[in-house]
Amino acid sequence: MRINRLAAATAVVATLALTATACGGSSGSGSGSGDNSSPKTLTYWASNQGASVEVDKQVLEPELRKFEEQTGIKVKLEVVPWSDLLNRILAAATSGQGPDVLNIGNTWSASLQATGALLPFDADAFGKIGGKDRFLPATIASAGAEGKDPAAVPLYSMTYGLYYNKKLFQAAGIERPPATWDELVTDGKKLTAGDKYGIAVEGGNGSENVHHAFTFAKQHGADFFDASGKPTFDGPDQVAAIKQYVDMIAKDKIAAAGNAEYANNQSVTDFATGKAAMLMWQSAGANLKSHGMNPEEYGVAPIPVPAGASGDKLTTSMVAGINLAVFKNTKNTAGALDFVKFMTSKDEQIALNKAYGSIPPVTEAQSDAAFATPELQALAKVLGTSAQPLPQVANESQFETLVGTAVKNLFAAAAAGKPVTDESVKAELTKAQQQMPAS
(Lines give C-alpha, C1' and ligand atoms only; values in the text may rest on other atoms or scores of the structure.)
Protein backbone atom coordinates (compact mmCIF):
# COMPACT_ATOMS: atom_id res chain seq x y z
CA MET A 1 0.00 0.00 0.00
CA ARG A 2 1.17 3.52 -0.77
CA ILE A 3 1.21 5.63 2.37
CA ASN A 4 0.47 8.89 0.61
CA ARG A 5 -2.88 7.46 -0.51
CA LEU A 6 -3.87 6.65 3.06
CA ALA A 7 -2.66 10.06 4.17
CA ALA A 8 -4.60 11.82 1.41
CA ALA A 9 -7.75 9.98 2.40
CA THR A 10 -7.60 10.76 6.09
CA ALA A 11 -6.77 14.39 5.38
CA VAL A 12 -10.09 15.02 3.61
CA VAL A 13 -12.33 13.22 6.09
CA ALA A 14 -13.51 16.26 8.04
CA THR A 15 -14.42 18.41 5.07
CA LEU A 16 -16.30 15.63 3.32
CA ALA A 17 -18.06 14.48 6.47
CA LEU A 18 -19.37 17.98 7.08
CA THR A 19 -20.48 18.66 3.49
CA ALA A 20 -21.77 15.30 2.26
CA THR A 21 -25.29 15.51 0.87
CA ALA A 22 -27.56 13.23 -1.09
CA CYS A 23 -25.59 13.80 -4.29
CA GLY A 24 -26.56 10.45 -5.76
CA GLY A 25 -25.63 6.86 -5.10
CA SER A 26 -23.35 4.53 -6.95
CA SER A 27 -24.37 2.02 -9.49
CA GLY A 28 -24.67 -0.95 -7.22
CA SER A 29 -27.00 -2.91 -5.08
CA GLY A 30 -29.76 -0.39 -4.52
CA SER A 31 -31.77 0.50 -1.47
CA GLY A 32 -33.85 -1.39 1.03
CA SER A 33 -32.95 -3.65 3.92
CA GLY A 34 -30.12 -6.11 3.54
CA ASP A 35 -31.45 -9.30 2.01
CA ASN A 36 -30.51 -12.08 -0.40
CA SER A 37 -32.61 -11.18 -3.44
CA SER A 38 -29.55 -10.94 -5.73
CA PRO A 39 -27.62 -14.05 -4.70
CA LYS A 40 -25.36 -14.32 -7.75
CA THR A 41 -23.82 -10.83 -7.91
CA LEU A 42 -21.80 -8.45 -5.75
CA THR A 43 -20.36 -4.99 -6.31
CA TYR A 44 -17.03 -4.30 -4.61
CA TRP A 45 -15.44 -0.88 -4.14
CA ALA A 46 -11.73 -1.42 -3.56
CA SER A 47 -9.43 1.38 -2.45
CA ASN A 48 -6.47 2.20 -4.68
CA GLN A 49 -3.64 0.40 -2.91
CA GLY A 50 -1.10 -0.05 -5.70
CA ALA A 51 0.81 2.29 -7.99
CA SER A 52 -2.32 2.83 -10.11
CA VAL A 53 -5.91 1.72 -10.53
CA GLU A 54 -4.76 -0.61 -13.31
CA VAL A 55 -2.22 -2.26 -11.02
CA ASP A 56 -4.98 -2.91 -8.48
CA LYS A 57 -7.14 -4.49 -11.14
CA GLN A 58 -4.24 -6.77 -12.10
CA VAL A 59 -3.88 -7.80 -8.44
CA LEU A 60 -7.56 -8.20 -7.59
CA GLU A 61 -9.30 -9.54 -10.68
CA PRO A 62 -7.61 -12.99 -10.60
CA GLU A 63 -8.60 -13.33 -6.94
CA LEU A 64 -12.18 -12.35 -7.69
CA ARG A 65 -12.33 -14.99 -10.40
CA LYS A 66 -11.25 -17.55 -7.81
CA PHE A 67 -14.16 -16.46 -5.62
CA GLU A 68 -16.58 -16.78 -8.53
CA GLU A 69 -15.29 -20.28 -9.30
CA GLN A 70 -15.76 -21.30 -5.66
CA THR A 71 -19.19 -19.77 -5.06
CA GLY A 72 -20.80 -18.98 -8.41
CA ILE A 73 -21.05 -15.31 -7.34
CA LYS A 74 -19.76 -12.76 -9.85
CA VAL A 75 -18.03 -9.71 -8.34
CA LYS A 76 -18.13 -6.40 -10.18
CA LEU A 77 -14.92 -4.59 -9.20
CA GLU A 78 -14.46 -0.84 -9.06
CA VAL A 79 -11.15 0.52 -7.79
CA VAL A 80 -11.86 3.96 -6.32
CA PRO A 81 -9.05 6.53 -5.94
CA TRP A 82 -8.45 7.72 -2.38
CA SER A 83 -9.36 11.27 -3.37
CA ASP A 84 -12.89 10.07 -4.25
CA LEU A 85 -13.49 7.14 -1.91
CA LEU A 86 -14.85 8.82 1.19
CA ASN A 87 -17.08 11.16 -0.79
CA ARG A 88 -18.52 8.16 -2.63
CA ILE A 89 -19.10 6.28 0.62
CA LEU A 90 -20.83 9.23 2.29
CA ALA A 91 -23.05 9.78 -0.74
CA ALA A 92 -23.96 6.09 -0.70
CA ALA A 93 -24.71 6.26 3.02
CA THR A 94 -27.01 9.22 2.46
CA SER A 95 -28.82 7.84 -0.59
CA GLY A 96 -29.02 4.22 0.55
CA GLN A 97 -27.52 3.13 -2.76
CA GLY A 98 -24.00 1.76 -2.68
CA PRO A 99 -21.84 -1.28 -3.23
CA ASP A 100 -22.29 -4.59 -1.46
CA VAL A 101 -18.75 -4.67 -0.05
CA LEU A 102 -16.24 -1.82 0.26
CA ASN A 103 -12.83 -0.89 1.58
CA ILE A 104 -12.57 1.90 4.15
CA GLY A 105 -9.60 3.52 5.84
CA ASN A 106 -9.54 2.04 9.32
CA THR A 107 -9.39 5.46 10.98
CA TRP A 108 -12.81 6.20 9.44
CA SER A 109 -14.46 3.22 11.09
CA ALA A 110 -16.24 4.94 13.96
CA SER A 111 -17.24 7.95 11.86
CA LEU A 112 -18.79 5.75 9.17
CA GLN A 113 -20.27 3.47 11.82
CA ALA A 114 -22.17 6.49 13.15
CA THR A 115 -23.96 6.89 9.78
CA GLY A 116 -25.65 3.50 10.26
CA ALA A 117 -24.84 2.53 6.66
CA LEU A 118 -22.55 -0.40 7.45
CA LEU A 119 -23.53 -3.90 8.54
CA PRO A 120 -22.41 -4.50 12.15
CA PHE A 121 -20.13 -7.47 12.64
CA ASP A 122 -21.91 -9.07 15.57
CA ALA A 123 -21.23 -12.59 16.83
CA ASP A 124 -23.37 -14.09 14.08
CA ALA A 125 -21.60 -12.20 11.29
CA PHE A 126 -18.18 -13.06 12.70
CA GLY A 127 -19.25 -16.69 12.89
CA LYS A 128 -20.01 -16.65 9.17
CA ILE A 129 -16.51 -15.39 8.29
CA GLY A 130 -14.54 -17.76 10.48
CA GLY A 131 -14.50 -16.01 13.84
CA LYS A 132 -13.28 -12.81 15.47
CA ASP A 133 -10.25 -14.39 17.12
CA ARG A 134 -8.47 -14.87 13.78
CA PHE A 135 -7.61 -11.15 13.75
CA LEU A 136 -5.00 -9.27 15.74
CA PRO A 137 -6.80 -7.56 18.65
CA ALA A 138 -5.27 -4.17 17.82
CA THR A 139 -6.75 -4.29 14.32
CA ILE A 140 -10.20 -5.20 15.60
CA ALA A 141 -9.97 -2.28 18.03
CA SER A 142 -9.66 0.04 15.00
CA ALA A 143 -12.87 -1.23 13.42
CA GLY A 144 -15.47 0.77 15.33
CA ALA A 145 -16.42 2.47 18.56
CA GLU A 146 -15.68 0.72 21.84
CA GLY A 147 -18.65 -1.17 23.22
CA LYS A 148 -20.27 -1.59 19.80
CA ASP A 149 -20.04 -4.39 17.27
CA PRO A 150 -17.29 -3.54 14.74
CA ALA A 151 -18.41 -1.81 11.56
CA ALA A 152 -15.85 -3.65 9.44
CA VAL A 153 -13.06 -6.21 9.61
CA PRO A 154 -9.33 -5.68 9.00
CA LEU A 155 -8.01 -6.41 5.50
CA TYR A 156 -4.54 -4.82 5.24
CA SER A 157 -2.54 -3.65 8.26
CA MET A 158 0.31 -1.21 8.71
CA THR A 159 2.16 0.49 11.52
CA TYR A 160 4.96 2.96 12.14
CA GLY A 161 8.60 2.16 12.77
CA LEU A 162 11.83 4.13 13.13
CA TYR A 163 13.92 3.59 10.01
CA TYR A 164 17.64 4.27 10.47
CA ASN A 165 20.56 4.40 8.04
CA LYS A 166 23.11 1.82 9.17
CA LYS A 167 26.06 3.44 7.38
CA LEU A 168 25.40 6.90 8.78
CA PHE A 169 24.94 5.48 12.28
CA GLN A 170 28.23 3.63 12.02
CA ALA A 171 30.05 6.73 10.78
CA ALA A 172 28.71 8.70 13.75
CA GLY A 173 29.81 5.99 16.20
CA ILE A 174 26.25 5.05 17.13
CA GLU A 175 25.96 1.33 17.79
CA ARG A 176 22.20 0.84 17.97
CA PRO A 177 18.99 2.74 17.21
CA PRO A 178 17.66 5.01 19.95
CA ALA A 179 15.17 3.45 22.35
CA THR A 180 14.22 6.59 24.29
CA TRP A 181 13.42 10.15 23.27
CA ASP A 182 16.52 11.51 24.97
CA GLU A 183 18.60 9.06 22.96
CA LEU A 184 16.85 10.05 19.73
CA VAL A 185 17.67 13.73 20.28
CA THR A 186 21.25 12.97 21.30
CA ASP A 187 21.79 10.71 18.30
CA GLY A 188 20.02 13.18 16.04
CA LYS A 189 22.47 15.92 17.00
CA LYS A 190 25.44 13.64 16.32
CA LEU A 191 24.02 12.88 12.89
CA THR A 192 23.28 16.52 11.99
CA ALA A 193 26.00 18.38 10.10
CA GLY A 194 25.90 20.76 7.16
CA ASP A 195 22.99 19.87 4.90
CA LYS A 196 22.48 16.44 6.48
CA TYR A 197 20.13 15.95 9.41
CA GLY A 198 19.42 13.40 12.08
CA ILE A 199 15.80 12.84 11.07
CA ALA A 200 13.30 13.82 8.39
CA VAL A 201 9.71 14.75 9.25
CA GLU A 202 6.64 15.51 7.13
CA GLY A 203 5.58 18.74 8.83
CA GLY A 204 3.14 19.88 6.15
CA ASN A 205 1.28 16.57 6.09
CA GLY A 206 -1.69 16.78 8.41
CA SER A 207 -2.25 13.04 8.55
CA GLU A 208 1.35 12.29 9.48
CA ASN A 209 1.17 15.01 12.10
CA VAL A 210 -1.96 13.70 13.78
CA HIS A 211 -0.68 10.11 13.76
CA HIS A 212 2.46 11.16 15.62
CA ALA A 213 0.56 13.55 17.88
CA PHE A 214 -1.65 10.66 18.95
CA THR A 215 1.32 8.34 19.62
CA PHE A 216 3.33 10.91 21.56
CA ALA A 217 0.30 11.93 23.61
CA LYS A 218 -0.17 8.28 24.61
CA GLN A 219 3.50 8.23 25.60
CA HIS A 220 2.78 11.18 27.92
CA GLY A 221 -0.23 9.39 29.41
CA ALA A 222 -2.79 11.53 27.60
CA ASP A 223 -5.68 11.11 25.16
CA PHE A 224 -7.37 13.57 22.81
CA PHE A 225 -10.86 12.53 23.96
CA ASP A 226 -12.15 11.67 27.42
CA ALA A 227 -14.22 8.59 28.24
CA SER A 228 -17.44 10.36 27.18
CA GLY A 229 -16.03 11.32 23.78
CA LYS A 230 -15.44 14.98 24.70
CA PRO A 231 -12.32 16.50 23.07
CA THR A 232 -9.38 17.17 25.38
CA PHE A 233 -6.89 18.60 22.91
CA ASP A 234 -5.11 21.25 24.97
CA GLY A 235 -4.18 19.53 28.24
CA PRO A 236 -0.62 19.91 29.54
CA ASP A 237 0.43 16.40 28.49
CA GLN A 238 -0.98 16.86 24.98
CA VAL A 239 0.89 20.16 24.77
CA ALA A 240 4.13 18.53 25.92
CA ALA A 241 3.75 15.71 23.41
CA ILE A 242 3.30 17.99 20.43
CA LYS A 243 6.01 20.41 21.52
CA GLN A 244 8.40 17.46 21.72
CA TYR A 245 7.59 16.63 18.09
CA VAL A 246 7.82 20.20 16.76
CA ASP A 247 11.05 20.76 18.71
CA MET A 248 12.82 18.52 16.21
CA ILE A 249 12.90 21.70 14.11
CA ALA A 250 12.22 24.43 16.68
CA LYS A 251 14.64 23.62 19.51
CA ASP A 252 16.74 20.54 18.87
CA LYS A 253 17.26 21.33 15.16
CA ILE A 254 17.75 17.68 14.23
CA ALA A 255 15.35 18.07 11.28
CA ALA A 256 15.74 20.61 8.49
CA ALA A 257 13.54 23.71 8.64
CA GLY A 258 12.34 22.91 5.11
CA ASN A 259 10.71 19.74 6.46
CA ALA A 260 7.93 21.99 7.76
CA GLU A 261 6.62 22.17 4.19
CA TYR A 262 6.96 18.47 3.36
CA ALA A 263 3.60 16.90 2.55
CA ASN A 264 4.17 14.41 -0.28
CA ASN A 265 6.68 11.82 0.96
CA GLN A 266 9.69 14.15 0.57
CA SER A 267 10.92 12.94 3.96
CA VAL A 268 11.11 9.40 2.56
CA THR A 269 13.19 10.71 -0.34
CA ASP A 270 15.53 12.53 2.04
CA PHE A 271 16.07 9.35 4.03
CA ALA A 272 16.61 7.24 0.93
CA THR A 273 19.16 9.67 -0.47
CA GLY A 274 21.15 10.05 2.74
CA LYS A 275 20.01 13.58 3.57
CA ALA A 276 18.50 12.31 6.81
CA ALA A 277 19.64 9.43 8.99
CA MET A 278 16.26 8.54 10.55
CA LEU A 279 12.62 8.44 9.48
CA MET A 280 9.35 7.61 11.26
CA TRP A 281 7.14 5.94 8.65
CA GLN A 282 4.71 3.16 7.80
CA SER A 283 6.04 0.25 5.72
CA ALA A 284 8.47 2.39 3.75
CA GLY A 285 10.39 -0.48 2.12
CA ALA A 286 8.79 -0.35 -1.33
CA ASN A 287 9.09 3.43 -1.45
CA LEU A 288 12.74 3.31 -0.39
CA LYS A 289 13.49 0.68 -2.99
CA SER A 290 11.98 2.89 -5.70
CA HIS A 291 14.60 5.49 -4.74
CA GLY A 292 17.43 2.97 -5.03
CA MET A 293 17.87 2.17 -1.32
CA ASN A 294 18.40 -1.51 -0.58
CA PRO A 295 16.96 -3.22 2.53
CA GLU A 296 20.49 -4.04 3.76
CA GLU A 297 21.21 -0.32 4.10
CA TYR A 298 18.64 0.39 6.80
CA GLY A 299 17.19 -1.10 9.95
CA VAL A 300 13.75 -0.73 11.52
CA ALA A 301 13.11 -0.34 15.25
CA PRO A 302 10.14 0.80 17.35
CA ILE A 303 9.71 4.55 17.64
CA PRO A 304 11.40 5.65 20.89
CA VAL A 305 9.45 6.07 24.13
CA PRO A 306 10.16 8.11 27.27
CA ALA A 307 12.75 6.63 29.62
CA GLY A 308 11.11 4.40 32.21
CA ALA A 309 7.80 4.23 30.31
CA SER A 310 5.27 1.54 31.15
CA GLY A 311 1.70 0.65 30.21
CA ASP A 312 0.16 2.85 27.52
CA LYS A 313 3.25 5.06 27.64
CA LEU A 314 4.99 2.28 25.69
CA THR A 315 2.78 3.02 22.66
CA THR A 316 4.97 3.41 19.58
CA SER A 317 2.42 3.71 16.77
CA MET A 318 -1.18 4.15 15.79
CA VAL A 319 -2.83 1.16 14.12
CA ALA A 320 -2.92 1.92 10.40
CA GLY A 321 -4.57 0.00 7.61
CA ILE A 322 -7.62 -0.78 5.51
CA ASN A 323 -10.84 -2.42 6.70
CA LEU A 324 -13.45 -4.35 4.71
CA ALA A 325 -17.10 -3.43 5.29
CA VAL A 326 -20.50 -4.64 4.08
CA PHE A 327 -23.06 -2.05 3.01
CA LYS A 328 -26.17 -2.56 5.13
CA ASN A 329 -28.49 -2.23 2.13
CA THR A 330 -26.84 -5.03 0.16
CA LYS A 331 -29.21 -7.34 -1.73
CA ASN A 332 -26.84 -10.24 -1.11
CA THR A 333 -26.03 -10.31 2.58
CA ALA A 334 -25.02 -13.98 2.56
CA GLY A 335 -22.81 -13.54 -0.51
CA ALA A 336 -21.22 -10.39 0.91
CA LEU A 337 -20.24 -12.24 4.07
CA ASP A 338 -18.93 -15.13 1.99
CA PHE A 339 -16.78 -12.60 0.13
CA VAL A 340 -15.44 -11.13 3.39
CA LYS A 341 -14.63 -14.67 4.54
CA PHE A 342 -12.78 -15.30 1.26
CA MET A 343 -10.79 -12.04 1.38
CA THR A 344 -9.74 -12.66 4.97
CA SER A 345 -8.86 -16.32 4.44
CA LYS A 346 -5.25 -17.31 5.05
CA ASP A 347 -4.40 -17.80 1.37
CA GLU A 348 -5.94 -14.50 0.26
CA GLN A 349 -4.38 -12.60 3.15
CA ILE A 350 -0.97 -13.88 2.09
CA ALA A 351 -1.54 -13.09 -1.59
CA LEU A 352 -3.01 -9.62 -1.12
CA ASN A 353 -0.76 -8.32 1.65
CA LYS A 354 2.27 -9.66 -0.19
CA ALA A 355 1.19 -7.77 -3.31
CA TYR A 356 0.78 -4.52 -1.39
CA GLY A 357 3.69 -4.78 1.05
CA SER A 358 1.38 -4.63 4.07
CA ILE A 359 0.99 -6.88 7.11
CA PRO A 360 -1.80 -9.48 7.31
CA PRO A 361 -4.18 -8.69 10.20
CA VAL A 362 -5.14 -12.39 10.17
CA THR A 363 -2.57 -13.91 12.49
CA GLU A 364 -2.18 -17.29 10.79
CA ALA A 365 -1.12 -15.57 7.55
CA GLN A 366 1.81 -13.77 9.19
CA SER A 367 3.90 -16.96 9.37
CA ASP A 368 4.30 -17.03 5.59
CA ALA A 369 7.84 -16.46 4.30
CA ALA A 370 6.68 -13.38 2.40
CA PHE A 371 6.44 -11.52 5.73
CA ALA A 372 9.75 -12.76 7.15
CA THR A 373 11.78 -9.74 6.02
CA PRO A 374 13.46 -7.84 8.89
CA GLU A 375 11.35 -4.78 8.07
CA LEU A 376 7.97 -6.52 8.14
CA GLN A 377 8.88 -8.64 11.15
CA ALA A 378 9.79 -5.50 13.09
CA LEU A 379 6.58 -3.77 12.06
CA ALA A 380 4.46 -6.85 12.80
CA LYS A 381 5.90 -6.94 16.31
CA VAL A 382 4.95 -3.29 16.81
CA LEU A 383 1.45 -3.98 15.51
CA GLY A 384 1.02 -6.88 17.90
CA THR A 385 2.53 -5.33 21.01
CA SER A 386 2.76 -1.52 21.07
CA ALA A 387 0.28 -0.05 18.56
CA GLN A 388 -2.99 1.58 19.59
CA PRO A 389 -6.01 2.54 17.46
CA LEU A 390 -6.82 6.20 16.93
CA PRO A 391 -9.82 7.39 18.96
CA GLN A 392 -12.89 5.43 17.86
CA VAL A 393 -15.41 8.25 18.26
CA ALA A 394 -17.90 9.66 15.77
CA ASN A 395 -15.96 12.93 15.40
CA GLU A 396 -12.59 11.22 14.94
CA SER A 397 -12.34 12.43 11.35
CA GLN A 398 -12.65 16.08 12.38
CA PHE A 399 -10.02 15.51 15.06
CA GLU A 400 -7.58 14.28 12.43
CA THR A 401 -7.92 17.39 10.29
CA LEU A 402 -8.03 19.96 13.09
CA VAL A 403 -5.14 18.65 15.18
CA GLY A 404 -3.13 17.76 12.07
CA THR A 405 -3.50 21.35 10.88
CA ALA A 406 -2.58 22.73 14.31
CA VAL A 407 0.70 20.81 14.27
CA LYS A 408 1.33 21.92 10.68
CA ASN A 409 0.95 25.56 11.80
CA LEU A 410 3.41 25.02 14.64
CA PHE A 411 5.97 23.49 12.29
CA ALA A 412 5.56 26.48 9.97
CA ALA A 413 6.17 28.83 12.89
CA ALA A 414 9.29 26.89 13.89
CA ALA A 415 10.64 27.00 10.34
CA ALA A 416 10.10 30.77 10.27
CA GLY A 417 12.19 31.14 13.41
CA LYS A 418 9.29 32.00 15.68
CA PRO A 419 9.45 30.61 19.23
CA VAL A 420 7.40 27.48 19.85
CA THR A 421 6.43 27.59 23.52
CA ASP A 422 4.00 25.73 25.72
CA GLU A 423 1.72 28.74 25.38
CA SER A 424 1.81 28.82 21.57
CA VAL A 425 1.21 25.07 21.35
CA LYS A 426 -1.72 25.30 23.76
CA ALA A 427 -3.19 28.20 21.78
CA GLU A 428 -3.18 26.18 18.54
CA LEU A 429 -4.73 23.15 20.24
CA THR A 430 -7.37 25.26 21.99
CA LYS A 431 -8.33 26.78 18.64
CA ALA A 432 -8.61 23.28 17.15
CA GLN A 433 -10.75 22.09 20.04
CA GLN A 434 -13.10 25.04 19.70
CA GLN A 435 -13.70 24.15 16.06
CA MET A 436 -14.81 20.61 16.88
CA PRO A 437 -18.53 20.09 16.21
CA ALA A 438 -20.73 19.01 19.06
CA SER A 439 -20.91 15.20 19.33
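The values are calculated or read from the model by the stated rules, or taken from the named source; none is laboratory data. Predicted, not measured: the structure shown is a model, and the values here were computed from it. Here Cβ is always computed from backbone atoms with ideal geometry, including for glycine, and neighbour counts include all displayed protein chains. Quick note on the areas: whole protein, heavy atoms, side chains included, nothing else; ligands and nucleic acids left out. Shrake-Rupley method; radii C 1.70, N 1.55, O 1.52, S 1.80 Å.
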Extension length gain for Asp312 and Glu364 (0.36 nm per residue less Cα distance), in nm, is 16.1 nm
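With a probe of 1.4 Å, find how much accessible area region 191-281 has per residue, and write the answer as a whole number in Å².
32 Å²
Please find the FRET efficiency linking Glu54 to Thr421, where r is the Cβ-Cβ separation and R0 is fixed at 51 Å, and quote it to the nearest 0.05. Walk me through the intermediate numbers first.
Numbers: r = 50 Å, r/R0 = 0.97.
Plugging the Cβ-Cβ distance into 1/(1 + (r/R0)^6) gives 0.55.
For region 296-363, what does the accessible surface come to per residue with a 1.4 Å probe? Please give it in Å². Present the calculation step by step, with values, prior to reporting the outcome.
Numbers: 2110 Å² over 68 residues.
Averaged over the residues of region 296-363, the accessible area is 31 Å².
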Candidate cut points under GluC sites (Glu not before Pro) in region 132-228, DSSP loop plus at most 14 other Cβ atoms within 10 Å of their own Cβ, are Glu146, Glu175
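Can you classify region 114-161 as rounded, prolate or oblate using the Cα gyration tensor, where a ≥ b ≥ c are the square roots of its eigenvalues, rounded means a/c under 1.5, and otherwise it's prolate if a/b beats b/c and oblate if not? Don't jump to the answer; show the numbers that get you there.
Details: a/c = 2.02, a/b = 1.27, b/c = 1.59.
Note, shape of region 114-161 comes out oblate.
Can you tell me the length gained on complete extension of the stretch Asp133 to Arg176, counting 0.36 nm per residue apart and subtracting the Cα distance?
Computed gain between Asp133 and Arg176 is 11.9 nm.
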Alpha carbon centroid spacing (whole Å) that separates region 308-374 from region 175-222:
28 Å
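How big is the antiparallel share of DSSP beta bridges in the chain, given as a percent to the nearest 5?
Numbers: 24 of 38 bridges.
The antiparallel proportion sits near 65 percent.
For a protection proxy built on the mean count of beta-carbon atoms within 10 angstrom, sort 103-111, 37-45 highest first, please. Please list the in-between numbers first.
Numbers: 103-111: 26.6, 37-45: 18.8.
Output ranking for 103-111, 37-45: 103-111, 37-45.
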Are there trypsin sites (Lys or Arg not before Pro) in region 255-315 that DSSP marks as loop and that have at most 12 other Cβ atoms within 10 Å, and which are they?
none
Roughly how many percent of the accessible protein surface of the chain is carbon and sulfur, given a 1.4 Å probe and a whole-percent answer?
50 percent
Counting other Cβ atoms within 10 Å, keep those with at most 15, restrict to DSSP loop, and tell me which trypsin sites (Lys or Arg not before Pro) in region 129-169 are left.
Lys148
Ordering Val201, Val53 from largest to smallest accessible area (1.4 angstrom probe), what's the sequence?
Val53, Val201
Size of charge dipole - the chain - debye, nearest 20, with Cβ of Lys, Arg +1 and Asp, Glu -1, no other charges:
340 debye
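Sorted by mean Cβ packing within 10 Å, highest first, what order do the peptides 220-233, 398-411 take?
Working: 220-233: 16.8, 398-411: 24.3.
Going by the mean number of other Cβ atoms within 10 Å, highest first, we get 398-411, 220-233.
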Which lysines, if any, have their Cα less than 21 Å from the Cα of Lys196, not counting same-chain residues under 8 positions apart?
Lys166, Lys167, Lys251, Lys253, Lys275, Lys289
Specify the angular offset, from 0 to 90 degrees and rounded to the nearest 10, of the alpha carbon long axis of helix 53-71 from the longest principal axis of the alpha carbons in the chain.
40 degrees
Taking N as the number of residues in the chain, what is its alpha-carbon radius of gyration divided by 2.2 N^0.38 Å?
0.96
Pull out a ≥ b ≥ c, the square roots of the eigenvalues of the alpha-carbon gyration tensor of region 325-428, then state rounded if a/c is under 1.5, prolate if not and a/b is larger than b/c, and oblate in the remaining case.
oblate
Crossing angle, helix 333-343 versus the chain [Cα axis fit, 0-90 degrees, rounded to tens]:
40 degrees
Residue span Lys148 to Asp195: 0.36 nm per residue of separation minus Cα-Cα distance leaves a gain in nm of 11.9 nm
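With the cut-off at 1.5 for a/c, could you classify region 57-103 from its C-alpha gyration tensor as rounded, prolate or oblate?
On the way: a/c = 4.47, a/b = 1.73, b/c = 2.58.
Oblate is the answer for region 57-103, as a/c is 1.5 or above yet b/c matches or exceeds a/b.
Using a probe radius of 1.4 Å on heavy atoms only, what accessible surface per residue do you get for region 375-439? Whole Å² is fine. Show your work: numbers first, answer last.
On the way: 2840 Å² over 65 residues.
So region 375-439 comes to 44 Å² accessible per residue, rounded to a whole number.
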Count, lysine Cα pairs under 25 Å in region 344-433, 8 or more residues apart or across chains:
8
What order, most packed first, do the peptides 325-332, 236-243 have when packing is the mean number of other Cβ atoms within 10 Å of each residue?
325-332, 236-243
Taking θ as phi - 60°, what are the ³J(HN,Hα) couplings along region 203-210 by the Karplus curve (6.51, -1.76, 1.60), each to the nearest whole Hz, with x for Gly and Pro?
x, x, 9, x, 5, 4, 4, 6
Quick check: the distance between the Cα centres of region 118-133 and region 380-397, to the nearest angstrom?
20 Å
Could you work out how far helix 422-434 tilts from the main Cα principal axis of the chain, as a 0 to 90 degree angle to the nearest 10?
20 degrees
Report the label-to-label distance for Glu261 and Lys167 in nanometres (one decimal), using points 7 Å from each Cα along the Cα→Cβ vector.
2.8 nm
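Under the definition of Cα pairs under 8 Å and six or more residues apart, what whole-number percent is the relative contact order of the chain? Mind dumping the intermediate values first?
Numbers: 927 pairs, mean separation 121.7, N = 439.
Once divided by the residue count of the chain, the mean separation gives 28 percent.
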